[in-house]
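Only one structure is covered here, and it is reproduced in the block below.
Values in this text are rule-based calculations from the coordinates and carry no lab data. Since the model is a prediction, treat every value here as computed from it, not as a measurement. For neighbour counting, all protein chains shown are included, and Cβ atoms are generated from backbone atoms with ideal geometry for every residue, glycine included.
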Amino acid sequence: MINWWYTELGEPEKNKLLEAFSEKRMTLSRSVREVEELFAALLHVPYTVMVNSGSSALLMALLALDIQPGDEVIVPSLTWIATAQAPGILHAKVKLCDCTSTAPIIDLGQLEKIVSAKTKVIIPVHLNGRECDMEAIQKIASRFGTRIIEDACKAMFSKGKNGFLGTIGDLGCYSLGMISLVSVGYGGLVVTRSKEIYEKLKKIRDHGVQRTPESYPYLGFNFKISDLLASLAIPQLQNLEKRAQSSVALHDYYSQSLKHPDISILPIDKKSGKVPVYAEAYSERREDVIFYLQEKGIQTSRYHLPIHHAHYLRADGFFPNADRFARNSFILPSGPSQKIEDISFVVETLNQFACSCGANA
């Protein structure tokens, strides 16, 4: 079976983990600080806080901006549910926006229609390394004094026109989960250019507590990550360029080698510095293709259900583009450690599927 995701943790990660274990660094300690410093240097951003997941990063970012019950937060419908659950947990009003007809990123035209003086935060999602138009979003937000939290959980080290995605808005959130360029199992990061927000985030990560002298200035929770997990990120960050190049090369191979009139690879502008985490295919015959690949020992992953299907969000409106992408898109075997011979077999198998369809037509 060729798994749909493969990232390899080798001797460097093992050695860092054993080092942290032997030094009994079970809680937040030196490895966490090293990851924060490495990440900040790579992204050219002054302040980074490592946490226990990308989902926690989103929730912490909202807490840092003092989002209150009833505050309006705009989220694209085509994203992982965590993007909407973070404001939902705070009892904010989640307002959903469709994606464009050509790419699974937020539709600026619809955003213009739904943003208002009630909107406290916009959360653009840079899905799979694609850049939402941050200049346009910033202009829209500036008219209402709206803050911006970038969900870059699936856009680590993708470059935009004005810097790395996630470093342009008020805060940026990243995931270090398994389906990431850098994987530690569960982990995340929040970045900001504001020292005030940074100091607040550090307290929110630790139950909102001011330690010396002890006081409780902010609402927070235990969002800390163990040094054991953090240690796994260090060798990967030190080897980041190779991992990114591997992901770009994999996406290029699929894009250039797959030949089928009914199956396409969703495009990403890699020449301008975008780094896809995985390769997404699009087909109106998706279920037939997935079944065919499964029979050949090839695993895939369907796009997530759009979040307007979550009844508890009480979403208003229609989201045809999000529904269409979710219905027809799926992820082919990907990951920075996928073997080229396996990817070649996947493409060959898909092209054989094309031939058999033509023969039966």
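A few points about this structure:
- Other residues with beta-carbon under 13 Å from the beta-carbon of residue 108 carry, at +1 per Lys or Arg and -1 per Asp or Glu, a net charge of -4.
- For segment 185-263, the list of trypsin sites (Lys or Arg not before Pro) that fall in a loop by DSSP and count at most 11 other C-beta atoms within 10 angstrom reads 211, 259.
- Cross-link pairs beyond the 24 Å C-alpha cut-off, checked among 95/224; 24/195; 296/339; 120/202; 139/202; 16/159: 95/224; 24/195; 139/202; 16/159
- Ranking 235, 213, 272 by Cα position along the charge dipole of the chain, where only Lys, Arg, Asp and Glu carry charges on their C-beta atoms, puts 213 farthest toward the positive end.
- Order of 257, 226, 272, 22 - criterion: other Cβ atoms within 10 Å of each residue's Cβ, fewest first: 22, 272, 257, 226
- In the chain, taking the dipole from charged Cβ atoms about the Cα centre, the farthest positive-side position among 320, 45, 256 is held by 45.
- Taking GluC sites (Glu not before Pro) across segment 170-216, the ones in a DSSP loop with at most 13 further Cβ atoms lying within 10 angstrom of their Cβ are 214.
- Cα-based helix-to-principal-axis angle, 11-22 vs the chain, degrees rounded to 10: 30 degrees
- For the chain, size of Cβ-based charge dipole, Lys and Arg +1, Asp and Glu -1, in debye: 640 debye
- Here's the picture: charge each Lys and Arg Cβ at +1 and each Asp and Glu Cβ at -1 in the chain, and of 83, 179, 329 the one pushed furthest to the positive end of that dipole is 83.
- Surrounding net charge for residue 30, when Lys and Arg each add one and Asp and Glu each subtract one, Cβ distance under 15 Å: -1
- Normalising the average separation of contacting C-alpha pairs (under 8 angstrom, six or more residues apart) by the number of residues puts the relative contact order of segment 240-360 at 34 percent.
- Within a Gaussian network of the chain (alpha carbon springs, distance under 10 Å), most fluctuating of 55, 175, 301: 301
- Among 290, 89, 74, the residue with the largest mean-square fluctuation in a Gaussian network model of the chain, with springs joining Cα atoms closer than 10 Å, is 89.
- Of the peptides 5-13, 38-46, the ranking by mean beta-carbon count within 10 Å, highest at the top, reads 38-46, 5-13.
- Lys, Arg +1 and Asp, Glu -1 on Cβ, resulting dipole of segment 240-360 about Cα centre, debye, nearest 20: 280 debye
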